């Protein structure tokens with residue numbers, strides 16, 4: 001079983017996702033430890049790009065080796081060389097080919113052999129007919145043999161309950177190298193196992209952490225980037241959370257028209273330019289003035305903390321706006337920003353730090369209310 005690793009290749013400008021695993025290639029009698037690269041389009045690189053069908057041929061020929069000869073020479077390019085002494089290989093060609101097929105399915109977001117088997121199991125459990133048992137047997141046997149014990153994700157029972165259902169009452173079942181007959185009690189026990197498993201899975205799915213949901217359960221709040229040439233609407237709604245909303249913010253001895261004015265004024269070195277930014281007619285004009293000025297040393301490292309303090313000032317100084325922020329509950333805040341992929345998110349792009357800071361200040365406001373009640 002491979003540990004998931006990621007790679008890709010470009011084809012006509014398109015990124016083809018892939019994964020990789022170690023493998024031995026046998027060439028001129030020497031075994032070379034190398035990387036086997038598997039791609040979502042079904043191509044496999046084993047010292048040359050081949051189709052999945054061609055890869056099966058490479059396995060059958062021993063080019064991709066699953067049988068190591070005692071006393072043979074081996075090499076890891078520019079790293080080491082050695083001689084095999086009583087080597088053991090855990091995979092047969094069929095097992096490795098099955099793993100590669102599963103990798104390709106997973107890379108494409110399709111159910112792999114284990115997922116297909118579990119889906120067939122659900123069908124059998126809902127309608128336990130012999131036709132559905134036969135379909136389950138086929139799906140189970142399609143899982144690479146060495147991966148079957150992991151199918152249920154239960155390292156205590158392993159795949160035992162699944163094997164019992166696949167065989168069926170009165171049919172032989174191999175146990176420790178010997179055949180046993182599946183009894184009615186064994187079959188009933190296996191069915192009960194899956195009943196209990198589903199109940200446990202449902203309890204886990206419904207489980208809520210003691211201190212609340214891990215992820216927001218409400219629709220995200222999108223704070224749109226909107227320009228109002230004729231002034232802000234009488235009821236701006238959640239737009240009061242934007243930094244350019246006209247909510248004066250007092251920092252020290254100075255009061256700025258908006259958070260945007262304060263942020264850009266604090267960012268620059270020259271005092272005359274700071275004063276110009278303070279008097280700028282619009283937040284956009286304040287930002288434009290800052291662009292042609294010299295930023296303070298270390299500003300990129302400090303800007304998040306400074307912005308957080310400005311947001312705290314805004315909402316502490318304007319209780320009505322604080323109420324608008326806390327009314328968003330526990331949902332995610334997405335701050336639309338076409339100018340900065342650092343502060344905002346526009347479409348799929350952006351780190352949304354402003355949204356995260358608004359969530360932080362919202363939590364601090366909620367904590368303040370709790371402290372008041374204690």
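Bear in mind these aren't lab numbers, they're just calculated from the coordinates by the rules spelled out. Everything numeric in this text was worked out from a predicted model, so none of it was measured. Here the Cβ positions follow ideal geometry from the backbone for every residue, glycine too, while neighbour counts run over all protein chains shown.
For the reader, a short list of remarks on this structure follows.
- Expressed in Å, the radius of gyration and Dmax of the Cα atoms of region 319-360 are 11.0, 33.
- Separation of alpha-carbon centers, region 168-204 and region 38-101, rounded to whole Å: 36
- Ranked packing of 220-227, 20-27, 263-270, most packed first, by mean Cβ within 10 Å: 263-270, 20-27, 220-227
- Simple spin-label estimate for residue 285 and residue 171 gives 8.2 nm between the two label positions (7 Å along the Cα-to-Cβ direction from each Cα).
- Isotropically averaged projected area of region 1-59, using the convex hull of Cα atoms (one quarter of hull area), nm²: 4.5
- Peptides 329-336, 354-361 ranked from most to least packed, by the mean per-residue count of other Cβ atoms within 10 Å: 354-361, 329-336.
- Taking a ≥ b ≥ c as the square roots of the eigenvalues of the Cα gyration tensor, region 1-124 is classed as oblate, since a/c reaches at least 1.5 and a/b does not exceed b/c.
- Gain on full extension, evaluated as 0.36 nm per residue between residue 180 and residue 76 minus their Cα-Cα distance, stands at 32.8 nm.
- Calculated FRET value between residue 302 and residue 16, using beta carbons and R₀ = 56 Å, to 0.05: 0.85
- Rounded FRET efficiency, nearest 0.05, which uses the C-beta distance separating residue 341 from residue 35 and R0 of 41 Å: 0.75
- Segment residue 51-residue 253, extension gain: residue separation times 0.36 nm, minus the distance between their alpha carbons: 65.6 nm
- Calculated FRET value between residue 83 and residue 157, using beta carbons and R₀ = 56 Å, to 0.05: 0.85
- Where both bridge residues fall in region 220-374, DSSP classifies roughly 60% of the beta bridges as antiparallel.
- Rg followed by Dmax, in Å, when region 49-178 is reduced to its Cα trace: 18.6, 58
- Extension gain from residue 226 to residue 295, taking 0.36 nm per residue of separation minus the Cα-Cα distance: 22.2 nm
- Working ranking of peptides 192-204, 160-172, 316-328 by packing, defined as the average number of other Cβ atoms within 10 Å per residue, highest first, is 160-172, 316-328, 192-204.
- Computed from Cα positions, the angle between helix 184-206 and the longest principal axis of the chain comes to roughly 10 degrees.
- Helix-only arithmetic for the chain: the sum of -39500 (n - 2.57) across DSSP H runs with n ≥ 4, divided by the residue total, places the mean residue ellipticity at 222 nm at -13500 deg cm²/dmol.
- Distance between modelled label sites at residue 6 and residue 370, nm, 7 Å Cα→Cβ extension: 3.4
- Most simply put, the chain has about 85% antiparallel DSSP beta bridges, counting only bridges with both residues inside it.
- Computed over Cα pairs, the Kirkwood radius of the chain leads via Stokes-Einstein (0.890 mPa s, 25 °C) to a diffusion coefficient of 90 µm² per second.
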